[in-house]
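Mind looking over this structure? Questions follow.
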Amino acid sequence: MTRDFGMANIIDTSRKAAKRFTSDESGATAIEYSLIVALIFLGILSALNAFSASNSAVYEKISSSLDTAAK
């Protein structure tokens, strides 16, 4: 079995590889899903940050009440 490494074969192989590369969309889908996950994570993180900031005063009040009761 002989292989032809002529210029026409190299060009044909390059065209086929370029066509396969441009038609493959699996990488784009993975990037889209990772961006969605990142946005969801940022939403959860900001919600937890707001929740902890609003409850900080409640925990401080509980702590001071326990300190007063312990004395």
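The values are calculated or read from the model by the stated rules, or taken from the named source; none is laboratory data. These numbers were taken from a predicted model, which means no experiment stands behind them. Quick reminder, even Gly has a Cβ in these numbers, built from the backbone with ideal geometry, and neighbours come from all protein chains shown.
Go through the residues of the range 53-67 one by one and say whether even a single one is β-branched (V, I, T), more than 18 Å from the chain's Cα centre (by Cα) and part of a helix (DSSP H, G or I).
Within the range 53-67 (the criterion being β-branched (V, I, T), more than 18 Å from the chain's Cα centre (by Cα) and part of a helix (DSSP H, G or I)), the answer is yes, since at least one residue qualifies.
Within the range 1-23, take every residue that is of a type in the set (D, E, K, R) and surrounded by fewer than 10 Cβ atoms within 10 Å (Cβ to Cβ) and give me the one that is modelled with the highest pLDDT.
Ranking the qualifying residues of the range 1-23, first place goes to R20.
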